[in-house]
Amino acid sequence: MTTLAAPTCEFTFTEEHFRAIARLAHENFGLDLQPEKRALVYSRLTRRLRALQLSDFDAYLGRLAGPESADEHAELLSALTTNVTHFFREAHHFDEFRDKVLPGAIAEARAGGRIRFWSAGCSAGQEPYSIALTILDTCPDAASLDIRILATDVDPRILETARTAVYPIEERNALPPRLRDKMTVVGTGPNSFTVRQEARDLVRFGELNLIKDWPLRGPFQAVFCRNVAIYFDKPTQARLWRRFAPLIAPGGMLFIGHSERLSGPATEMFRSAGITSYQRLVDQTAGPEAIS
C-alpha cells in the first residue's frame, strides 16, 4: 500500500483510503476529487478524526459505512467543500435580476400570478436573502403577492445557520448602502446583525442534494446556482444544467458562478444574456429524464 509522502503525517493515509473517500463523495454528492486533491482531503479529514477520537482512517471509513453514516456523510461534505459566500456576491447578477427578471415577474404577480425563484446551493443564506432584498427594494409590497424564494442546500448544518439569518457585523458592508439600515437590524448578538423579517418571510429553506431526485414542480422565473458545479466533474455539470432547463420558465434566467460555463445539451436550451447569466429559450423543451 502506498502512503502519503509526508514524514510528519499524524495518520497513515493510503491510496486506498483516498480512493474510497473519493468514490463515496462522488456517489453521494457528485464531488470530483482528483488525485491532486489528496493532500487537501487528508488535511480536512484529520480534523474529523481528532474530533471523533479515531485512531486511523480505517476506523473513519468504518464510521462512514456504519449506522451513523448519514450524520457523518454530512460532516464529510462540510469538510470537503468551502462555504465561502457573502451578500450580493457577483453584484452584476443582482443588477441583471432586478432589470431583466423582476419587471415582468412583479407585473405577473400583481395580476395574480405565482412567482418563484430558486437559490440552488444556498449555503449560509446570503444569496437567497440578497435575492429577497433586491425584490423588496423594487417591490416593497412583495409579501402581499405570491412571490417566494426556494433556498436549498445539501448540508443540513449550514441550513440551520441560514434560517437564523444572523451574520457577523463586517458582512453588512457588502450590502448596498441604501439597504443597510433599511433592511437589516444590528445588535441581534455580539458584533452581529440580522436580515429584517419581511425579507426572511420571502424565503423557504429546504435540504436538497442536486445529484439526486428533485421533488420540485416549477416553473421558476430565475435560478441561482453559483459556485456549486465547480465541485462536480464535467458530465455531472452538463447533466445539472440540463435538469434546470425544464424547471425555468421560458424567458427566465439561470445565473451561475464566475468560473463556471454552461455545457452539454443545455447550450441549446439557453442563450447567453450577460456575464455567466443565461436566458431560457422560449421554443426549447427537455425530455422527462432531465428532471429525474
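The values are calculated or read from the model by the stated rules, or taken from the named source; none is laboratory data. Here the structure is a predicted model, which means the values were calculated and not measured. Virtual Cβ from ideal backbone geometry, glycine too; neighbours counted across all protein chains shown.
Hey, any hits in region 57-77 for a residue that's closer than 22 Å to Q237 by Cβ and among the aliphatic types (A, V, I, L, M)?
Within region 57-77 (the criterion being closer than 22 Å to Q237 by Cβ and among the aliphatic types (A, V, I, L, M)), the answer is yes, since at least one residue qualifies.
Restricted to region 166-181, and to residues that are touching a residue at least 24 places away in the same chain (Cβ under 8 Å) and within 20 Å of P140 (Cα to Cα), which residue is surrounded by the fewest Cβ atoms within 10 Å (Cβ to Cβ)?
This residue is R178.
Scan the strands (runs of 3 or more DSSP E) fully inside region 125-231 and keep the ones with 3 or more residues being touching a Gly at 6+ places or on another chain (Cβ under 7 Å) and under 23 Å from H93 (Cα atoms). Break it down into steps so the answer makes sense when it comes.
Working: elements: 147-153, 166-168, 184-186, 192-195, 203-207, 220-225.
Passing ranges, in order: 147-153, 220-225.
Which pairs do you get when a residue that is touching a residue at least 60 places away in the same chain (Cβ under 8 Å), found in region 87-99, comes within reach of a residue that is of a type in the set (K, R), reach meaning Cβ atoms under 7 angstrom, with the pair 6+ apart or on two chains?
Within 7 Å, the pairs are E90/R226.
Please go through region 239-250 and give me each residue that is farther than 16 Å from F29 by Cβ and either among the aromatic types (F, W, Y) or touching a Leu at 6+ places or on another chain (Cβ under 9 Å) (or both), ordered by number.
Keep residues of region 239-250 that are farther than 16 Å from F29 by Cβ, which gives 241-242, 244-250.
If the condition is that a residue be farther than 16 Å from F29 by Cβ and either among the aromatic types (F, W, Y) or touching a Leu at 6+ places or on another chain (Cβ under 9 Å) (or both), then W241, F244, A245, L247, I248, P250 are the ones that fit.
What tally of residues in region 57-79 results from selecting those that are over 21 Å from V228 (Cβ atoms) and modelled with pLDDT of 90 or more?
10
Could you tell me whether P156 is at pLDDT 95 or above and under 23 Å from T81 (Cα atoms)?
The answer is no for P156.
Within region 45-63, does at least one residue satisfy the condition of being small (G, A, S), under 17 Å from the mean Cα position of the chain (by Cα) and either farther than 21 Å from C9 by Cα or assigned to a helix (DSSP H, G or I) (or both)?
no
If a residue has to be exposed (fewer than 11 other Cβ atoms within 10 Å of the Cβ) and in contact with a Leu (Cβ under 6 Å, 6 or more places away or on another chain) to count, how many in region 18-40 make the cut?
0
Restricting to region 117-152, name every residue that is surrounded by 23 or more Cβ atoms within 10 Å (Cβ to Cβ) and of a type in the set (D, E, K, R).
E127, the sole residue that qualifies.
Would you tally the residues in region 70-84 being crowded, with 19+ Cβ neighbours inside 10 Å and in a loop (DSSP other than H, G, I, E, B)?
Matching residues across region 70-84 total 1.
Can you tell me how many residues in region 8-40 are aliphatic (A, V, I, L, M), without any contact (Cβ under 8 Å) to a residue 40 or more places away in the chain and in a loop (DSSP other than H, G, I, E, B)?
Total satisfying the criteria: 0.
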